[in-house]
Structure formats: C-alpha cells, structure tokens
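Colleague: First the structure, which I've put down as structure tokens, then a few questions once you've had a look.
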Amino acid sequence: MAEIIIETKNLIKDYHTGDITVRALNGINLDIHKGEFAAIMGASGSGKSTLMNILGCLDVPTSGDYFLDGVHVNKLSKNELADVRNLKIGFVFQGFNLLARTSALENVEMPLLYNRAVHYPNPAKLAKEALERVGLGDRLDHHPNQLSGGQQQRVAIARSLINNPSVILADEPTGNLDTRTSIEVLSIFQELNNQGITVLLITHEQDIAKYAQRNIVVRDGLIQKDYTVEDRYNAVEDLANFKTQTVEEP
C-alpha cells in the first residue's frame with residue numbers, strides 16, 4: 001500500500017453565529033494515499049466545501065487532527081500554514097484565478113516568487129516546462145483574455161504543478177467549461193495521475209467523479225460512502241469519441 005498523503009482523524013468543524021452553533025463536519029476520518037485520484041462529492045450544505053477548505057489549509061478544524069504528508073497541519077501557525085499551502089498543495093479553482101494583465105508564463109511563475117524556502121535561479125524555465133506539460137508551450141506570452149476557458153484552466157493546472165506539490169486539490173475545475181473542454185481538462189488530470197501525482201477532485205457532478213479512481217461522498221458532515229469507481233471513464237477515449245461524433249454530425 002502506498003504511503004498516506006492526507007490523513008484526518010475525527011475532524012469536527014463548528015461555525016458560530018450569535019448563540020447558534022452549526023456543525024459543518026461531524027467527525028471525518030479520511031486517508032488519501034500517494035498516487036490516488038479521488039473525488040469528494042456532496043450536495044450544497046453537505047460539508048464538502050468545509051472539508052475542502054481544511055484539506056487545503058485555508059481553514060482549521062474545531063477539533064480533530066489533520067496530517068498532510070506527515071505534517072500535523074492544525075498545530076501550525078498562520079505563517080507555517082501559508083508555507084504548507086505553497087509547498088505541498090497545488091490549487092486549481094473553478095474560476096481559474098489568473099491575473100488578467102499577466103502572461104501565462106508569469107501566472108505560472110507566481111508561486112515560486114512566494115516560496116520562501118527555496119530560491120529558484122531560473123523560474124521562467126520551470127514555468128515554461130510546466131506549460132509544455134499541459135500542452136501550452138506555444139501560449140507562453142498570451143494573456144488570459146487571449147485564451148479559451150480550457151486553455152486558462154490548463155494554465156491554472158500548470159501553476160499548480162510548479163512547486164512539485166504533494167497533492168493537487170481541484171475545486172470544481174470543470175464548473176465553467178463545456179462538455180468537450182471538461183473532458184480535455186480531465187484528460188490532463190488523468191495523465192498527471194498516471195505519472196504518479198496525487199489528485200483530489202471536488203465536484204458535485206457524478207459524471208465528472210467517474211473519471212477518478214475513488215469516490216468519497218459527504219453528507220451531513222460525515223462520509224456516507226467511500227468506494228472504488230467501477231467502469232471508470234477514460235478521458236482520452238471519451239474525447240476521441242466526442243470528436244468522432246462531432247465530425248459525423250451533418
């Protein structure tokens with residue numbers, strides 16, 4: 001069995017509004033192993049987003065324990081949490097989160113500028129290699145408004161790879177994309193996962209979750225189901241079929 005990258009023990013998260021306490025997470029126990037491609041699913045209000053925020057070191061639990069790549073995360077200071085986010089997690093968001101007046105190359109370089117632990121003598125070279133890895137080696141100087149939605153998400157994926165993170169955390173990465181472009185993005189995640197990268201996908205769409213190896217369903221702040229995906233979708237095959245169907249249309 002591969003080593004555990006993400007481990008949570010009885011995670012509880014409460015939110016307080018005046019005298020009212022709302023429990024968003026009610027004891028989450030979860031292990032994600034190195035090299036897995038897992039999808040966390042759940043409807044609005046299930047606790048899925050709260051769990052994502054904690055796993056992404058954007059929030060801390062009320063109680064319980066979270067270990068990321070062996071680091072006891074919820075015992076860290078704010079500055080230490082920021083370092084963990086930058087070094088160990090590659091984020092991909094639904095809205096791309098690219099700087100509008102900055103080239104694709106400069107957007108991808110950005111995390112290296114905030115990495116206080118390592119000095120990179122040639123960050124542009126690393127950014128170029130990351131963009132080539134997602135098929136955008138010919139778009140280095142393009143700004144976001146010169147790129148399609150799928151290309152912008154590819155830039156975001158390249159940015160997530162730049163620090164060689166322990167895990168890529170993708171929050172509804174296909175939410176703003178059409179079907180074909182969604183499959184293209186998922187093909188990149190599957191290819192990166194085939195190369196050994198751990199991918200954790202947050203989605204409310206069952207069809208999207210079937211591209212992962214494992215589905216984890218959250219409801220009422222608890223994990224209700226956790227299972228291996230049968231008849232897993234293959235994005236490369238689906239994309240080829242999609243293109244064939246398009247060509248055949250009158």
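Where a number appears in this text, it was derived from the coordinates with a stated rule and is not lab data. Model, not experiment: these values are computed from the prediction. Every residue, glycine among them, receives a Cβ derived from its backbone with ideal geometry; neighbour counts consider all protein chains shown.
Colleague: With springs only between Cα atoms under 10 Å apart, run a GNM on the chain and tell me which of S148, S160, S103 wobbles the most.
Modeller: S148
Colleague: I would also like to ask the following. Sum up the charges of everything whose Cβ sits under 12 Å from the Cβ of H33, counting Lys and Arg as +1 and Asp and Glu as -1, but leave H33 out.
Modeller: Working: positive: K34, R214; negative: E3, E7, D31, E36, D69.
Value of the local net charge: -3.
Colleague: Using the basic label-point model (7 angstrom from Cα toward the beta carbon), what is the A124 to L222 distance in nanometres?
Modeller: The answer from the label model is 5.6 nm.
Colleague: Next question. Below 18 Å, Cα to Cα, which aspartates and glutamates can K9 reach? Residues fewer than 8 away in the same chain don't count.
Modeller: Counting by Cα, and skipping residues close in sequence, K9 has these aspartates and glutamates nearby: D31, D59, D65, D69, D220, D226.
Colleague: OK, next. Taking +1 at the Cβ of each Lys and Arg and -1 at the Cβ of each Asp and Glu, which of A124, S187, L169 sits farthest along the dipole of the range 107-210 towards its positive end, judged by Cα position relative to the Cα centre?
Modeller: It is A124.
Colleague: Short version: ³J(HN,Hα) in whole Hz for each residue of the range 21-29, in order, from phi by Karplus 6.51 cos²θ - 1.76 cosθ + 1.60 (θ = phi - 60°), x for Gly and Pro, what are they?
Modeller: After applying 6.51 cos²θ - 1.76 cosθ + 1.60, I find 10, 10, 8, 8, 10, 10, x, 8, 10 Hz.
Colleague: How about the range 1-95: which GluC sites (Glu not before Pro) there lie in a loop by DSSP and see at most 11 other Cβ atoms within 10 Å?
Modeller: Passing sites in the range 1-95 are E3.
Colleague: Taking amide H positions as placed in the peptide plane 1.01 Å from N, state which residues far from L25 in sequence (5 or more) or on other chains have amide H under 5 Å from it.
Modeller: K13
Colleague: Here is a follow-up. Of the peptides 105-112, 231-238, how do they stack up when ordered by the mean number of other Cβ atoms within 10 Å, highest first?
Modeller: 105-112, 231-238
Colleague: Could I ask something else about it? By counting other Cβ atoms within 10 Å of each Cβ, how are R214, R219, R159 ranked from fewest to most?
Modeller: Lowest to highest Cβ neighbour count: R219, R214, R159.
Colleague: Same structure again: Step through the residues of the range 36-45 one at a time and calculate ³J(HN,Hα) from phi using the Karplus curve (6.51 cos²θ - 1.76 cosθ + 1.60, θ = phi - 60°), rounding each to whole Hz and writing x for Gly and Pro.
Modeller: 7, 10, 10, 10, 9, 10, x, 6, 4, x
Colleague: Starting from 0.36 nm per residue, how many nanometres of slack lie between V71 and D138 once their C-alpha separation is accounted for? All intermediate terms of the calculation are to be shown ahead of the outcome.
Modeller: Details: separation 67, 0.36 × 67 = 24.12 nm, distance 3.81 nm.
Contour length minus Cα-Cα distance gives 20.3 nm.
Colleague: Sticking with this one: Once amide H atoms are placed 1.01 Å from N in the peptide plane, what residues at a sequence separation of 5 or more from V92, or on another chain, have their amide H within under 5 Å of its amide H?
Modeller: Amide H neighbours of V92, under 5 Å, 5+ apart: L169, A170, D171.
Colleague: Apply the Karplus curve 6.51 cos²θ - 1.76 cosθ + 1.60, θ = phi - 60°, to the phi angles in the range 174-188 and return the couplings in whole Hz, x for Gly and Pro.
Modeller: 9, x, 9, 10, 6, 4, 4, 5, 4, 5, 4, 5, 5, 5, 5
Colleague: Here is a further query. Non-local amide H neighbours of T198 (under 5 Å, H modeled in plane, Pro and chain starts lacking H): which ones?
Modeller: Under 5 Å from the amide H of T198: G35, I168.
Colleague: Quick one: divide the alpha-carbon radius of gyration of the range 101-175 by 2.2 N^0.38 Å and tell me what you get. Don't skip to the answer; put the middle values down first.
Modeller: Values: Rg = 11.9 Å, N = 75, 2.2 N^0.38 = 11.3 Å.
With N residues counted in the range 101-175, Rg over 2.2 N^0.38 Å equals 1.05.
Colleague: Okay, moving on. Cα gyration tensor of the chain, axes a ≥ b ≥ c as square roots of the eigenvalues: rounded (a/c below 1.5), prolate (a/b > b/c) or oblate?
Modeller: oblate
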